[in-house]
1. Going by how many other Cβ atoms sit within 10 Å of their own, how do 4, 45 line up, fewest first?
2. Quick one: which residues, 5 or more positions from residue 91 or on another chain, have an amide H under 5 Å from its amide H? H modelled 1.01 Å from N in the peptide plane, none for Pro or chain starts.
3. So which trypsin sites (Lys or Arg not before Pro) in the range 1-60 are both in a DSSP loop and have at most 14 other Cβ atoms within 10 Å of their Cβ?
4. Non-local amide H neighbours of residue 34 (under 5 Å, H modeled in plane, Pro and chain starts lacking H): which ones?
5. Rank the residues 84, 41 as a footprinting-exposure proxy: fewest other Cβ atoms within 10 Å of their Cβ go first.
6. Which whole-number percentage describes the relative contact order of the chain, with Cα contacts under 8 Å and a sequence gap of 6 or more?
Amino acid sequence: MTYCPRPKTRQEAMQWIDWNRGLYQTHGYGLWLLTNADGDFVGDCGLTPQVVDGVTELEVGYHVLPALQGRGYATEAAAASRDFARTVLGATRLIAIIHPDNRPSQRVAEKIGLRPDKRATVHGGRDAVIYAATLAPL
Ligand SMILES: CC(C)(COP(=O)(O)OP(=O)(O)OC[C@H]1O[C@@H](n2cnc3c(N)ncnc32)[C@H](O)[C@@H]1OP(=O)(O)O)[C@@H](O)C(=O)NCCC(=O)NCCS
């Protein structure tokens, strides 16, 4: 939670789940459940539309349980999400909205090919670095 303003309330968590279920139906993607090979809960990772500087962009996002961080889960899942964006959705640009001090998240973005693109103010006033990559069409 270091780079989040505060934990979600239960109602906000329910809205987050509803938002993702809606995205699955309307867009065919969202933040997906992340599990390991044994089926144990690891976190979430996936794709969401996000408005940055007035433009709707496709963002890859990821969250991994603290006890399971540093094992490559986020990198593996984010790379799979990037590949889904390119091959299934035909997306040509992918971004990640990242707190300027969130090095683990920046490393995940870098390792799947994203690079710092610009600074932006997002989510009602938070400063962020926008990592981005052009996805080559297949
Ligand atoms: C960002 C996050 C998802 C990374 O998950 P992860 O499964 O630990 O990531 P990986 O194991 O794939 O590691 C990716 C890189 O981050 C580095 N990293 C992981 N934890 C780190 C830490 N606590 N401090 C510094 N670097 C860290 C890894 O070493 C690796 O970089 P490297 O190849 O240079 O060594 C995880 O830290 C997290 O859930 N953070 C809280 C939620 C969050 O900030 N999400 C992103 C919002 S933009």
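1. In order of increasing Cβ crowding within 10 Å: 4, 45.
2. Distant-sequence amide H within range of residue 91: 86.
3. Taking the range 1-60 and a limit of 14 other Cβ atoms within 10 Å, the loop trypsin sites (Lys or Arg not before Pro) found are 8.
4. Here the answer is 42, 43, 44, 45, since their amide H atoms fall under 5 Å of that of residue 34.
5. Final ranking by Cβ density, sparse to dense: 41, 84.
6. 18
Every read-out reported here was derived from the displayed coordinates using simple, explicitly stated rules and does not represent laboratory data. Nothing here was measured: the structure is a model prediction, and the numbers come from that model. Neighbour counts are summed over all protein chains in view; Cβ atoms, including those assigned to glycine, are modelled from backbone coordinates with ideal geometry.
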